[in-house]
Each structure stands twice: as structure tokens, then as C-alpha cells.
């Protein structure tokens, strides 16, 4: 499987200028290709194929005075910018025709130099390398200092240089990694995700929600007020905007670190993980939107999924319509309703439940029932349409 390894870059002043030039050239090629295809569509002409588009906006454009400066950067960077445009068009067409699942994909948009994130990609054809001194050698940019947190497990197939909204530079390496199965263990865990408590396990363990954004709100409000008082277009406003971006980056980094540590611990200690498939996009449109985004459920579940595959663990998502909170984990009785303010309840069978722990137990049981048996068939039998010759009462029978 392919994984990304991100490391921090510390380019010099000259290298930052070279990277800014590469960002700009890649953006111009992307916008020129998008404009050419839009003009062809408006004129009723056929869709410009990838090869002809590359010839027009890169090869021929370099011979013109208006685009002669495209030759100052690596040609691979320009080709990869067009590859991103082609991938965006393919995703859009697949979404329109119904071949792509999930939410609808919008057509490509023009890139702006004011976008908070700028990125360029180098493939093996660019002949980037890691020097013996640990620096990242990029064509027409130089040897960029790197802060290595760990060694790469294999030779990377590509590297993407990213400048984020906080002005930080990162190198994202794509590396092919073989699966590394961990020794088998007995425990299995059902996980109920929440807001007041981030995660509740089926064994009763509760993980408190760190609420990184809520904790940083006081400082963010102060920085936002200072930003609002600065004159638009001034250097002081640019400095204030950078302070706000850096504070948001600290919050995102802390949340990501928390997700990584918790997901690694759960995968290491459990043979199978079962999680409810939450409708995060729908919850993010409610009054709980800020808390939902602060929790970062989607990122956490994504980490669980890829780490389970990497380390030979089982991972399964439970249907979001499964009544995990309303169903008694002892007798299976489903309550008529269960408002969010009810945190504990007692079933008619006499079992007393903590709402979140009961939900985690039900998720664990549902996940085990939805697994495949040794013959490759579901453990839980699927629903089937009743046949007319089956025993039972028929209409008109007294």
C-alpha cells in the first residue's frame, strides 16, 4: 500500500523565491489549460485531449514572449499541474455520468495566487533525491534543509512540496510500504464516537474529548479582533493574518497528533475495530457544527482504517441507521425514542445502561454479526422476500 510521509522543510531565502516561482508557473499552466478547454467548449469545439493541451500551454507557450519564463522551472512541475487538471476533469465527468460514487464533484476552478495552500509535485522523472547530508535536492531549486522525524521505509516515488497558510513548507513523500502484521491478540473493540466524550469503548473505557479549538478560542478571538482592525492590503494586516493562521495550524497539529496516538493504541491492542458510519457532513450543518469539526471524526476513522490494513487488523463500519443507542445490549429491546439529554436509562428487562457504553457494546455485536464466516458468507443472514408457498395466513383465509 502507498503511504505519505510528511517532513518539515526550511528553505533559504533564495530557495523560497525559487519555490514561489515554481508555484506561480504551475498555477499559470493549470489556469491556461482550464481556460483553453473552457473556450473550446463555449465555441462548440471537441474536448482538447491531454497531449494537445500539453503542447499548447507548455511546449508552444515557452516559445512566446508572454510565457518564456516557464522555462525557469522544472518541466515535470508543469506536466504535473496539467495532470491535476486532467484528473479534476475526469472526476467531474465521472460524477456527472454517475460512475463516481459519493457527493457530486464540481468542475475545475481557476487557481489564485492568494490561495492559502500552494503545492508542486516532482516525480521520478524530475530526478529529485535525498543527499548524503539529509537534504532534499530539487531540480532548479537546490538542496533544501529537512527536519527528519524518521527514516523513509523505501525509496519515494514522488514528492510534493507544500506551503500552507501559516507560511510553513513541507515535503510529502509517497512511499510504497508492505503490510506489517502485528501479533494476533484476543480483544475486539466497538467504538462509539461522541462530542462530550470523544470515544467510548465496548469495555467501558472512555476517552475525553480534548476540544483543541474550544481551548484556543480565547486567543483566536483576540487575534481575529486585531486582524479586523488592520487596513486591507497593508503589511500589518498580512502579519496579523499570519498570526491567526499559525494559531489555527497549532490547533490542527495538536488534533492530528491526538488522533494518531489514539488510533495507533487501539489498533495495537485490538484484533478487530468496529465503528459506526456517522453522517459527518449532515451533522456539520447543525448547531453542533463547531464541535463536530473540532472532534475530527472523519480523520480519526480514516486513520483507523488505513492502520488496520497496514498492521493486519480487521476494520468494519456499522450502518449509520443501526439503533445502537436505543437498543438494549442485554435483551435486544429497542426503545421508542432516546433524546440526547438521556445519558443513562433502564431497560424493561431490568438492565441499567450508560448510553455511550451501551452503544459501544451494540456496535461491537453488530460488527461481529456482519463479518464473513470461514466460507466467505455473512454471519448474519440477509433479508429475503417471502415466497407465496411459505406457511402463514393469506388474505381471505378465515
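So what does log10 I(q)/I(0) come out to for the stretch 1-66 at q = 0.12 Å⁻¹, using the Debye formula with one equal point on every Cα and no solvent?
Listed by q, the Debye log ratios stand at -0.51.
So, by mean Cβ neighbours within 10 angstrom, what's the order for 34-44, 226-236 with the highest one leading?
Packing order, densest peptide first, comes out as 34-44, 226-236.
Just the ratio, please: alpha-carbon radius of gyration of the stretch 188-370 over 2.2 N^0.38 Å, N its number of residues.
1.24
Let me know the Rg and Dmax you get for the chain when you use only its Cα atoms, in Å.
26.8, 93
If R0 is 22 Å, what FRET efficiency do you get for residue 253 and residue 115 from their C-beta distance, rounded to 0.05?
Given R0 = 22 Å and the Cβ-Cβ separation, E is 0.60.
So what's the convex hull volume per residue for the Cα atoms of the stretch 2-176, in Å³?
145 Å³
Estimate the FRET efficiency between residue 104 and residue 286 by the formula 1/(1 + (r/R0)^6), using the beta-carbon distance for r and 25 Å for R0, to the nearest 0.05.
Efficiency computed from Cβ-Cβ geometry: 0.70.
Among 328-340, 273-285, how do they line up by average Cβ neighbours within 10 Å per residue, starting with the highest?
Highest mean packing first, the order is 273-285, 328-340.
Between the helical axis of 235-269 and the dominant principal axis of the chain, each derived from Cα atoms, what acute angle in degrees is found, rounded to the nearest 10?
The angle comes out near 40 degrees.
Among DSSP bridges having both ends in the chain, what percentage is antiparallel? Round to the nearest 5.
80 percent
May I ask for the distance between the Cα centers of the stretch 216-247 and the stretch 11-27, given as a whole number of Å?
25 Å
Given the peptides 351-359, 7-15, arrange them by the average over their residues of other C-beta atoms within 10 Å, most packed first.
Ranking the peptides 351-359, 7-15 by packing returns 351-359, 7-15.
Any chance you could give the angle, 0 to 90 degrees and rounded to 10, that helix 75-97 forms with the longest Cα principal axis of the chain?
40 degrees
Could you give the nm distance between label points at residue 131 and residue 235, where each point is 7 Å from its Cα heading toward the beta carbon?
3.2 nm
Using helices alone, what [θ] at 222 nm do you get for the chain, with -39,500 (n - 2.57) per DSSP H run of 4 or more residues, divided over all residues and rounded to the nearest 500?
-12500 deg cm²/dmol
What full-extension length gain, to one decimal in nm, is calculated for residue 92 and residue 124 as 0.36 nm per residue of separation minus the Cα-Cα distance?
8.7 nm
Dimensions of the stretch 253-310 along principal axes (Cα, Å, largest first)?
Largest to smallest, the principal-axis extents are 36, 24, 14 Å.
Give the percent of DSSP beta bridges with both residues in the stretch 188-370 that are antiparallel, rounded to the nearest 5.
Around 55 percent antiparallel, to the nearest 5.
For helix 355-370, what angle does its Cα long axis make with the longest principal axis of the chain, in degrees from 0 to 90 and rounded to 10?
Helix 355-370 sits at roughly 90 degrees to that axis.
Viscosity 1.567 mPa s, temperature 4 °C: give me the Stokes-Einstein translational D for the stretch 28-109 in µm²/s, with Rh taken as the Kirkwood radius over C-alpha pairs.
95 µm²/s
No lab work stands behind these numbers, since they all come straight from the coordinates. All values reported here derive from a predicted model rather than from experimental measurement. Counting neighbours? That spans all protein chains shown, and the Cβs are built from the backbone with ideal geometry, glycine included.
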